[in-house]
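Comments concern the structure below.
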Amino acid sequence: RLHSLQLQIALRAAALVREGGLLCYSTCSLSPLEDEAVVASLLRAARGALELVDASGQLPELPRAPGLRNWQVIDDAMRRVPSLASLSSEPLTVRRRFRAGMFPPKGGDGAPPLERCMRFLPHLADTGAFFVALLRKTAPLPPGRRGQQHGQ
């Protein structure tokens with residue numbers, strides 16, 4: 001549920017940002033389903049209207065790790081879920097907990113540069129855990145992607 005809620009919030013925020021403006025998406029979670037998966041879904045929904053900014057040169061003295069490009073999706077029974085399609089034989093109550101956007105994007109030229117996201121890890125700088133992605137709005141969001149709920 002958090003993935004969908006976080007995505008709705010991020011889409012609404014993106015709709016409110018002016019063209020050329022910046023959106024900072026940040027969580028105090030290190031779950032890729034709330035972090036990189038939301039950013040990847042947001043970029044996909046924006047269809048080129050948002051770009052992930054490389055902010056790695058900012059505050060270089062602050063230790064961080066790059067965003068993840070791959071992660072595993074786990075169900076409530078702690079089993080790995082390889083894809084949305086792998087849930088086809090599961091009851092609807094189980095299937096509806098998952099969205100296509102929870103899974104890592106396919107590699108290749110069209111894959112979002114999720115390594116531009118930043119993970120601030122407690123053991124690197126004696127801090128709390130934080131995830132940060134900086135996005136720039138380059139164009140208006142496409143119709144139907146302005147904060148409404150959808151299946152991403």
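The values are calculated or read from the model by the stated rules, or taken from the named source; none is laboratory data. Keep in mind that what you see is a predicted model, and the values were worked out from it rather than measured. Note that we place each Cβ from the backbone using ideal geometry, even for glycine, and neighbour counts take in every protein chain shown. The protein model used for the area step is the full one, side chains on, heavy atoms only, and it has no ligands, DNA or RNA in it. Shrake-Rupley method; radii C 1.70, N 1.55, O 1.52, S 1.80 Å.
Got a sec? Which of GLY108, GLY101 is touching a residue at least 60 places away in the same chain (Cβ under 8 Å) and either under 26 Å from ALA15 (Cα atoms) or exposed (fewer than 13 other Cβ atoms within 10 Å of the Cβ) (or both)?
GLY101
Which of the residues that make up the range 69-88 are closer than 23 Å to PRO112 by Cα, open to solvent by less than 60 Å² (accessible area, probe 1.4 Å) and in a loop (DSSP other than H, G, I, E, B)?
Those that are closer than 23 Å to PRO112 by Cα, open to solvent by less than 60 Å² (accessible area, probe 1.4 Å) and in a loop (DSSP other than H, G, I, E, B): TRP71, SER83.
Tell me yes or no: at least one residue of the range 18-40 is modelled with pLDDT of 95 or more, under 16 Å from PRO140 (Cβ atoms) and in a helix (DSSP H, G or I).
No.
What do you reckon, is PRO105 over 14 Å from PHE131 (Cα atoms) and not hydroxyl-bearing (Ser, Thr, Tyr)?
yes
Just checking, which of ARG64, ARG47 is over 17 Å from ARG99 (Cβ atoms), open to solvent by less than 70 Å² (accessible area, probe 1.4 Å) and over 10 Å from the mean Cα position of the chain (by Cα)? Explain how you work it out, then say what you get.
Numbers: ARG47 fails: open to solvent by less than 70 Å² (accessible area, probe 1.4 Å).
Just a single option satisfies the conditions, and that option is ARG64.
Which condition breaks for ARG95 when tested against (1) under 25 Å from ARG136 (Cα atoms); (2) touching a helix residue (DSSP H, G or I) at 6+ places or on another chain (Cβ under 9 Å); (3) of a type in the set (Lys, Arg)?
(1)
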